[in-house]
Amino acid sequence: MTQQLLTRSADETTPDLPTELDSTSSKLVYLYLRAAGACTVDELQASLDMKKISLYPLLKSLSKKGLVDSEGETYRLA
């Protein structure tokens, strides 16, 4: 019963996410861009405490899925 309540509470507070997001990191980047609007890789790195070597493949994947657009080093949701 407690597990059901915890699951229900988590589901109620979780924003709708595209089903294409398959990793926790991609969800984190997507949600950050949703909240922040446009930002650079440096801003993502500092805010999310992630390495650029991890961010670039995530952003490329999100872009290929049509979820993120970029202009130079600036990324935003599509």
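Read-outs: derived from the displayed coordinates by stated rules, not from any lab. As the structure is a prediction and not an experimental result, all values here were calculated from the model. When we count neighbours, we look across all protein chains shown, and the Cβ atoms used for this are built from the backbone with ideal geometry, even at glycine.
Structure values in brief
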item: Lys, Arg +1 and Asp, Glu -1 on Cβ, resulting dipole of the stretch 23-77 about Cα centre, debye, nearest 20; result: 300
item: Placed amide H near VAL68: partners under 5 Å, 5+ positions off or other chain; result: SER63, ALA78
item: 3J(HN,Hα) from dihedral phi, the stretch 61-78, Karplus parametrisation 6.51/-1.76/1.60, rounded to Hz, x for glycine, proline; result: 5, 4, 5, 4, 7, x, 9, 10, 10, 9, 9, x, 9, 9, 10, 8, 5, 6
item: Lysine pairs meeting the criterion (Cα under 16 Å, 8 or more apart or interchain), as found in the stretch 23-77; result: 6
item: q = 0.13 Å⁻¹, the stretch 23-77: log10 I(q)/I(0) [Debye, one scatterer per Cα]; result: -0.23
